[in-house]
Every structure is written in structure tokens, then in C-alpha cells.
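Working notes, structure below.
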Amino acid sequence: MILAPGKKVLALSGGVGGAKLALGLARVLEPEQLTVVANTADDFEHLGLHIAPDLDTVMYTLAGLNNPQQGWGLAGESWQCLDALAALGGEDWFRLGDKDLATHLQRTEQLRQGRSLSQVTRDLCGKLGVQTRLLPMTDGPVRTMVQCAAGEMPFQQYFVREQCRPVVTGFRFDGIESARPQPEILQLLQGQELAAVIICPSNPFVSVDPILKLPGLRQALLDCSCPLIAVSPIVGGEAIKGPAAKMLRELGREVSAAAVAEHYHGLVNTFVLDEDDATLAAGIRASGMDVTVAPTIMRSLDDREQLARVLIDVAGGET
């Protein structure tokens, strides 16, 4: 055990990159010491089903069921239902595998029966053997709208159907004003058990900002006495995964880890850079943040555990 008994870590996660670090943390901490909060602003209704991409990516990864090649979806997947749907003229732009469909069917049915997204997520995690506590950021509907030069579109249409081609001008989170953070998140932040809050290497605009913009959550983070640590999703001027670099460029910002640090300025205590970006450390420190330089590209399971241990050490744990 590398954290004192009773101490806990709260991790804020998007999809693939966040899920990798969540798994590393889950492997070096006891189950009761880790809570992972997943972005749900990219959830959407498709084919009558409630799809929760980031939540499912983290859940499948923690369960050891994810597809390691693509990072999302299930290993050993088949696509007969979607292929048959396409043959009938149905929409097949969002690839739902046969096994993955079972998750969406169960979630949708449970939600229709009046259960909350938190309750359904807890049940699904239990059925899949996930011991780490995984929470949706909110039980209310929040939807990321991508503002583009040609107009506004839902995130999944931009990300999957349009393959991130439209030029981005900004983002809007529909429903954010009336949404509330999942209650257990605030309970953790207001308690005395937290050793650290970790922002995983996820897209700062569409994975992390929806969580941070939930009413009251940013202030709760600022009021929390524990360290708040962010891991850069940009290494060597490129995104490890996804469109973060493209978004930075189109928003007129420098494509660098330093730009991500600037985005989190005023909230994050310690920013974690990859070794390839060590030369940026001095500039970030000058802005008032502590900086830790460590290998952050998680190609293997050992890499994920190593980064998790570095973060726990930064938080004041024992290595």
C-alpha cells in the first residue's frame, strides 16, 4: 500500500487517456482508496439507446475487457447487428459492437425504470467485476456542443461522424447550469480523507471542462486542502490521443503542454510534464505551478503503474 490507511484519491477522467491512468491508479491503490469520475457530457441518445462513451471506456478498462488496440470498446467484439442495420439502410456511423450493445440496452432499460445513472453505473460495474468506485460526473443531462465555423453540432457528430474535420471555434455545455455534481464527489471533496485530486491526461476542453464547469465543483476543488495534480495530454506538441492538439491550434493557442497548464492555471497546484517537454518546466513554474517531469506516455501496463506511483508520490504518499 502506498497511501496511508483511510486516505483516498479522486481522479477526473475522460476516455482513453484517462482510462489508462485510472487503471494504473487502480493497480497501485486499494479499491476503497480510489474514486474515478468520468465525463458524461459526450453521452448521447442513438438508436433509442443511452450511450455513455467515456464512462464505458473507463468501466471496460478497469474490468480488463477493453480492446487494447483501439483503446475503446470491448475486446473480441463482433459487428453483425450493425452490419445488418446498415444493410437495412439504418445509421451505422457510430460503431456499436454486438457485446457493447448489451451494456447500452441494460443501461437504457434501467434508466427508463427510473434509476439514476449513478445507480446503473454501480450495478454495471458490479456485474463486470470492477471494484474501484466509478461515478458519472452528474446524474443530470449535460451535452457538449462543438461550435464550428459552419455552425454548432453535438460532440459525437463532430468527433465520430465528421471525424473532427470541422474547424472549432468554441464549446457549449447544454444543460450545465441546471446539472449538479454527483453527490459523492462533493462528499469526498468536503471530507478529510483525500490525499489528492488528479486530472487525468484527457482533453481539457471536452473531457475535463464539462466536469469542472458543473455548478459548485470548481469552488469545491479550490476549497479542498489536498493537492490538485494535472497530467498533460499533450507531449512534444502533439496529442497522445484525440483532437486536443487540433482544438488548441484552431482556438489560436500554442499547441504545447504549457498551453494546457495555462488552461488549468488558478486551479491546479502541480502540473505533470512528459520528459520530452522538460524544457517547458521553468516557464510553467514561473506562472506559480509546481512541475513534475516524468514519463507520461502509457504504452504498457507497467507504464501506467509507474505514472500512478509518481502521482501518489507527488501527493505525499509513500513509494
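The values are calculated or read from the model by the stated rules, or taken from the named source; none is laboratory data. Treat the numbers as computed from the prediction; the structure is a model and nothing was measured. Cβ: placed from backbone, ideal geometry, glycine included. Neighbour counts: every protein chain shown. Accessible surface is based on the protein model in full, side chains and every heavy atom, while ligands, DNA and RNA are left aside. Shrake-Rupley method; radii C 1.70, N 1.55, O 1.52, S 1.80 Å.
Given the criteria in contact with a Lys or Arg (Cβ under 7 Å, 6 or more places away or on another chain) and either small (G, A, S) or part of a helix (DSSP H, G or I) (or both), does A220 qualify? So A220 does not fit the description; no. Residues that are touching a strand residue (DSSP E or B) at 6+ places or on another chain (Cβ under 7 Å), open to solvent by less than 10 Å² (accessible area, probe 1.4 Å), of a type in the set (S, T, Y) and part of a strand (DSSP E or B) do occur in region 141-151, at least one of them. Taken as a whole, the structure leaves L214 outside the set of residues that are part of a helix (DSSP H, G or I), open to solvent by less than 20 Å² (accessible area, probe 1.4 Å) and touching a residue at least 24 places away in the same chain (Cβ under 8 Å).
Under the condition of being β-branched (V, I, T) and open to solvent by less than 30 Å² (accessible area, probe 1.4 Å), which residue from region 256-291 is farthest from V146 (Cα to Cα)?
Ranking the qualifying residues of region 256-291, first place goes to V291.
Scanning region 125-140 for residues that are within 17 Å of the chain's Cα centre (by Cα) and open to solvent by 30 Å² or more (accessible area, probe 1.4 Å) returns R133, D139.
Within the span defined as region 63-74, one or more residues are buried (at least 23 other Cβ atoms within 10 Å of the Cβ) and under 16 Å from the mean Cα position of the chain (by Cα). Within region 175-188, the residues that satisfy the criterion of being assigned to a helix (DSSP H, G or I) and touching a strand residue (DSSP E or B) at 6+ places or on another chain (Cβ under 7 Å) are E184, I185, L188. Comparison of V160, V167 shows that the only residue that is open to solvent by 30 Å² or more (accessible area, probe 1.4 Å) and under 17 Å from D43 (Cα atoms) is V160. The set of residues from region 29-59 being crowded, with 24+ Cβ neighbours inside 10 Å, in a loop (DSSP other than H, G, I, E, B), out of contact with any Lys or Arg (no Cβ under 9 Å at 6 or more places or on another chain) and small (G, A, S) is empty.
On inspection, I240 qualifies as under 18 Å from the mean Cα position of the chain (by Cα), at pLDDT below 95 and over 30 Å from Q119 (Cα atoms).
The combined condition, being more than 19 Å from the chain's Cα centre (by Cα), outside any loop (DSSP other than H, G, I, E, B), within 25 Å of A230 (Cα to Cα) and among the polar types (S, T, N, Q), is not fulfilled by Q192.
May I ask you to verify whether D209 is open to solvent by 10 Å² or more (accessible area, probe 1.4 Å), under 22 Å from D43 (Cβ atoms) and not in a loop (DSSP other than H, G, I, E, B)? Here the answer is yes, as D209 does meet what is asked.
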